[in-house]
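Data first, discussion second: the structure below is written as structure tokens.
The values are calculated or read from the model by the stated rules, or taken from the named source; none is laboratory data. From a predicted model like this one, the values you see are computed outputs, not experimental measurements. Ideal geometry is used to build each Cβ from the backbone, glycine not excepted, and the neighbour counts take in all protein chains shown. Heads up: the accessible areas ignore ligands, DNA and RNA and are worked out on the full protein's heavy atoms, side chains in. Shrake-Rupley method; radii C 1.70, N 1.55, O 1.52, S 1.80 Å.
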Amino acid sequence: MKRSLFFALLTGAMMICFVFKTDAQVNDGQIQEWRVYDFKMGGSSARLDKLMANIILPLYKDMGVEVACFREISQNQPVVYYYLFVYPSFDSYLKANDILLKNNAFVEAMQQDNVATRQMFFRYDSYLCRPFEAWKKVTPAAGKTIFEWRKYDSANIESGTRKVQMFNKEEIAVFLDCGVNPFCFGQIIAGKDMPGLIYVTHYNDMADRDASWAKFNVNPEWQRMRAAPEWANATIPNNQVVFLTPLPYSPVK
């Protein structure tokens, strides 16, 4: 009887520890959010620039949120903005809007936008991402002018997870050898066009970028892994590539 009671108590204690450990893992570590702002229908990127630089960025700095601000390098109009918000925890992501809405300057700016002839922006897409194990932190790239934003789609969560593992175990190391300089990596956990992942690399200029990718494409390790059966069908031919440059007020570049 005593022995049975001992094992029952031990099992219960292990289950409690497991629950708390699991909860800690869920809430531990950074969360990335990419926002892609659309200024069609007469939106004003200048008004968003002012809002971000004067109100949102200082508030986010106080929250411990890192922010990188980019615009698309394109002759197309209207311009498209890409913002990366790196929250210190999932809890901080959940609380961010509440903190913004307690700020009088932010609320006043939103109320003015409500009655404006044309709103500040049309809409924005949001991608919530979990950083890769092999590259958890955003790496500043001072002086770099070309940032290459890539979004890879997968057929399902199994193949998408294998693509993340491919990066973690092998592909990022080849990037580094070839001058494909990582800025950030994240697996999309909420957003449109799932499952997928987003990563960004950076370069001095387009010539530097082209030379680095040319070196990567003929790298023997890359040729081996792309033919390896464990990485087969990890992505589908629907990848998106966008070239970005930092906005002047971006804290992280």
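Worth a mention:
- Label positions at Met194 and Asp210, each projected 7 Å from the Cα along the C-beta direction, are separated by 3.9 nm.
- Cα centroid of region 97-145 to Cα centroid of region 189-222, whole Å: 24 Å
- About its Cα centre, the dipole of region 110-253 is roughly 240 debye, where the only charges are +1 on Lys and Arg Cβ and -1 on Asp and Glu Cβ.
- Gyration tensor (alpha-carbon) shape descriptor, the chain, a/c threshold 1.5: oblate
- Partners of Lys50 within straight-line reach, counting aspartates and glutamates whose Cα lies under 14 Å from its Cα and excluding those fewer than 8 residues away in the same chain: Glu108, Asp113.
- In this Cβ point-charge picture (+1 for Lys and Arg, -1 for Asp and Glu), the chain has a dipole of about 340 debye about its Cα centre.
- Residue by residue, region 118-124 carries 3J(HN,Hα) couplings of 10, 5, 4, 9, 6, 7, 9 Hz when phi is fed to the Karplus relation 6.51 cos²θ - 1.76 cosθ + 1.60 (θ = phi - 60°); x denotes Gly or Pro.
- In the context of the full set of protein chains, the chain has a per residue accessible area of 56 Å² (1.4 Å probe).
- Per-residue surface analysis assigns Leu51 an accessible area of about 10 Å², computed on protein heavy atoms at 1.4 Å probe radius.
- Estimated [θ] at 222 nm from DSSP helical runs (n ≥ 4, -39500 (n - 2.57)) normalised by residues in the chain, nearest 500: -12000 deg cm²/dmol
- Cα→Cβ-extended label distance, 7 Å offset, between Asn233 and Asp62, nm: 5.2 nm
- Entries of Lys192/Lys215; Lys136/Lys253; Lys40/Lys192; Lys102/Lys151; Lys95/Lys163 with Cα pairs more than 26 Å apart: Lys192/Lys215; Lys102/Lys151; Lys95/Lys163
- When the Cα gyration tensor is reduced to axis lengths a ≥ b ≥ c, the ratio a/c is 1.5 or higher for region 173-253, and with a/b not above b/c it is classed as oblate.
- Remark: the Cα gyration tensor places region 76-152 in the oblate category, a/c being 1.5 or greater and a/b not exceeding b/c.
- Computed about the Cα centre, the dipole magnitude for region 34-104 is approximately 200 debye when only Lys and Arg (+1) and Asp and Glu (-1) carry charge, each at its Cβ.
- Share of carbon and sulfur in the accessible area of the chain stands at 56%, probe radius 1.4 Å.
- Once the chain from Ala173 to Gln112 is taken as fully extended at 0.36 nm per residue, the excess over their C-alpha distance is 17.1 nm.
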